[in-house]
1. Measure off 7 Å from each Cα along the Cα-to-Cβ vector at residue 68 and residue 104, then give the distance between these two points in nanometres to one decimal.
2. What ranking, highest mean first, results for peptides 67-77, 99-109 when packing means the other Cβ atoms within 10 Å averaged over each residue?
3. Provide the gained length on full extension for the span residue 7 to residue 114, in nm with one decimal, where the gain is 0.36 nm per separating residue minus the Cα-Cα distance.
Amino acid sequence: MHCPICKDIKLKDTLLYNINVDYCPKCLGVWFDRDELRQAKDEKDENLDWLDIDLWSNQKDFKVSYGIRLCPSCRIPTYEVYYGDSKIVVDVCKACHGVWLDRAEFKKIVEWLKEKADYEVMNNYSKNLFKEFSEIFTGPDPLRDEILDLITILKLFSYKFGGKRPLLSSFLLTLPK
Ligand SMILES: [Zn+2]
Ligand SMILES: [Zn+2]
């Protein structure tokens, strides 16, 4: 698979929280494969209650437009999905439901979470995760610095995609062909 931004750069995979994540070694964007996220859904994690906030909870707040990037897996154009006033843009593939996040984008998501969620709770939660998983992280150092953000996003995505509240997931099914 090639990076949708750098095009001629091949994505590398790394193990993050027991899930394979593909990242671009040049721009550090990250590709989340839907099936990979689904693998995480059975895991019980009651600490995820802090995610049950007003996040992506209104279907009418989703906006979508045609993107210019190609899905690294299917090689077809992705959709750009926006949510409300969050200024977050996520590239989603209609066919495989994979999600591409620019490096800047996952930082924005985390910032937005910090604004909306109980920061204390989220922070403690992330810290524990960080302790647990930073040692086994096999990716490159620049990503290691952002592993906390990445893990948070990963948890969010696996929760929102495959878990109890698959709203983003069901929204994807309504995307125009
Ligand atoms: Zn790239
Ligand atoms: Zn795809």
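Any read-out appearing in this document is the output of simple, stated calculations on the displayed coordinates, not a laboratory observation. The structure presented is a predicted model; accordingly, all values stated were derived computationally and were not measured. Cβ sites come from the backbone with ideal geometry, for glycine too, and all protein chains shown count toward neighbours.
1. Here the modelled spin labels are 1.3 nm apart.
2. 99-109, 67-77
3. Length difference between fully extended and current span is 35.3 nm.
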